[in-house]
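In what follows, a structure is listed as structure tokens, so that the remarks can point back to it.
Please treat every number below as a calculation from the coordinates, not as lab data. Note that the structure is a prediction, hence the values are computed from the model and not measured. In this analysis, Cβ positions are derived from the backbone assuming ideal geometry, glycine residues included, and neighbour counts consider all displayed protein chains.
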Amino acid sequence: MRKTVTAARKKAFTLVEVMVTTVVFGVVMGAVMSFLISSANFTAYNEGKLLVNRDIRKFTSELSDFATYSNFFVIYKSFTDRTVIDDGGSGDFLVLAFVDDDNPSLYTAVIGFYRSATEDTEGPVRKFAISYNTPQDELLADLLPAASTNGTHEEIIELSKGLSDGRLFYNFFNRSITIQGEILHQGSNLKRATNTYNFTVSPRG
């Protein structure tokens, strides 16, 4: 009987052994969790960068294509504030106008890009396109969507900041539009994915 009890005691773990095992297990699990979190953050950040680059390519391509074939442009302060921005100023609402070849006073289409945010905040960039089977002789301002439709149009960029006095579109000598902005995506828990973009487009006139 004594031999059986003694053998059982020899097979059992002491409190010190249990504590050491627990500590080692905790350290290993902590290292594994840290690795998994770092990997998740790295993956999320890279995915955010890919989305940023996708948005830049899409925005640059669409704006360049439309601007190249437009006849002229007008920059407004914002989608809701239709103050016209003259040479050397910046705004968050760009309108590209297309006119009839035979009668330049008639509009055949208007395409607009606007940042749905203030100069102090970030927000999406949206686009609308309106074409007319019958050329219109109204004022350009009267052909634009109502200010109350702000935020209802197609989203081109998820989040953007304007870098030209807080605005996105810069009027360069009333001849070209310089786009200066920053695109953002959520990225990881530690760092947002972001990239700046700067390019210039000019209507054909």
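Numerical summary
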{"item": "Cut-off 11 Å between beta-carbons: net charge of the residues surrounding Asp92, Lys and Arg +1, Asp and Glu -1", "result": "+2"}
{"item": "Cα long-axis angle, helix 2-11 against the chain (0 to 90 degrees, to the nearest 10)", "result": "20"}
{"item": "Burial order of peptide ranges 192-203, 112-123, 90-101 (average beta-carbon count within 10 Å, highest first)", "result": "90-101, 112-123, 192-203"}
{"item": "Cα-based helix-to-principal-axis angle, 15-69 vs the chain, degrees rounded to 10", "result": "10"}
{"item": "Environment charge at Leu106 (Cβ cut-off 9 Å; Lys +1, Arg +1, Asp -1, Glu -1)", "result": "-3"}
{"item": "Residue-averaged [θ]222 nm for the chain, counting only DSSP H segments that reach four residues, each worth -39500 (n - 2.57)", "result": "-12000 deg cm²/dmol"}
{"item": "Selected from Thr152, Ala40, Val110, residue furthest toward positive end of dipole (the chain; charges at beta carbon)", "result": "Ala40"}
{"item": "Listed residues Val52, Val32, Val16, most fluctuating in the chain (Gaussian network, C-alpha, under 10 Å)", "result": "Val16"}
{"item": "Paramagnetic label zone (point 7 Å from Cα along Cα-to-C-beta, Tyr69; backbone N under 20 Å) in region 106-148", "result": "106-114, 127-136"}
{"item": "Region 39-201, dipole about Cα centre (Lys/Arg Cβ +1, Asp/Glu Cβ -1), debye to the nearest 20", "result": "780"}
{"item": "Charge tally in the Cβ shell below 11 Å around Thr196, where Lys, Arg are +1 and Asp, Glu are -1, Thr196 excluded", "result": "0"}
{"item": "Answer label for Cα extents along the principal axes in Å (calculated), chosen among [x] 75, 34, 27; [y] 60, 43, 30; [z] 114, 33, 27", "result": "[z]"}
{"item": "Extreme residue, positive dipole direction of region 47-205, given options Thr68, Thr134, His185 (C-beta unit charges)", "result": "His185"}
{"item": "Förster-model FRET efficiency, 30 Å R0, Ser176 and Ala146, C-beta, rounded to 0.05", "result": "0.55"}
